[in-house]
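Notes follow the structure.
The values are calculated or read from the model by the stated rules, or taken from the named source; none is laboratory data. No experiment lies behind these values; they were computed from the predicted model shown. A quick note on method: Cβ atoms are made from the backbone with ideal geometry, for glycine too, and the neighbour counts reach across all protein chains shown. SASA here: full protein model, heavy atoms, side chains in, ligands and nucleic acids out. Shrake-Rupley method; radii C 1.70, N 1.55, O 1.52, S 1.80 Å.
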Amino acid sequence: MRKRLRKKLHVGEFQELGFEVRFCCADDISESAFNTVIDEFIIQAIEARSLVCGGGGQKPEWNIFVTLDRRGSVTEEPRVAVQQWLAMRPEVEEFQVGPLVDAWYPA
């Protein structure tokens, strides 16, 4: 396969990795407190590391996929940082941060 086609299809040296994040807050959390957790998560854990996320959810659960805000792959370092951020939040009762996977062709 030619380089131009590999780039267009995001394969080979142009593969891009991302990871899934799922978390759940307490059932009795208020709507405004939940929105505050989401806002702080996006600002502090995602945007501060030049990441973007897609997905969503509704109180009390959230499910997103995280990638870089530009071409390229997320590394293990920001994945661990997101995991640590969630672990430090008392509002987050349970969470799961998935492994790095192909962002364009998930298995």
If you check P99, P106, which single one turns out to be modelled with pLDDT of 95 or more and part of a loop (DSSP other than H, G, I, E, B)? P99
Can you work out which of the residues in the range 68-107 that are β-branched (V, I, T) and touching a helix residue (DSSP H, G or I) at 6+ places or on another chain (Cβ under 8 Å) is surrounded by the most Cβ atoms within 10 Å (Cβ to Cβ)? V82
Residue pairs, Cβ under 9 Å, 6 or more apart or interchain, first in the range 51-62 and at negative phi, second of a type in the set (A, V, I, L, M, F, W, C) and assigned to a loop (DSSP other than H, G, I, E, B). List them. L51/V74; K59/I29; P60/A26; P60/I29
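Any idea which residue in the range 5-53 is least open to solvent (accessible area, probe 1.4 Å), counting only those that are polar (S, T, N, Q), more than 13 Å from D69 (Cα to Cα) and not in a helix (DSSP H, G or I)?
S30
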All-but-one check, G72 against (1) modelled with pLDDT under 95; (2) in contact with a Ser or Thr (Cβ under 7 Å, 6 or more places away or on another chain), failing number (2)
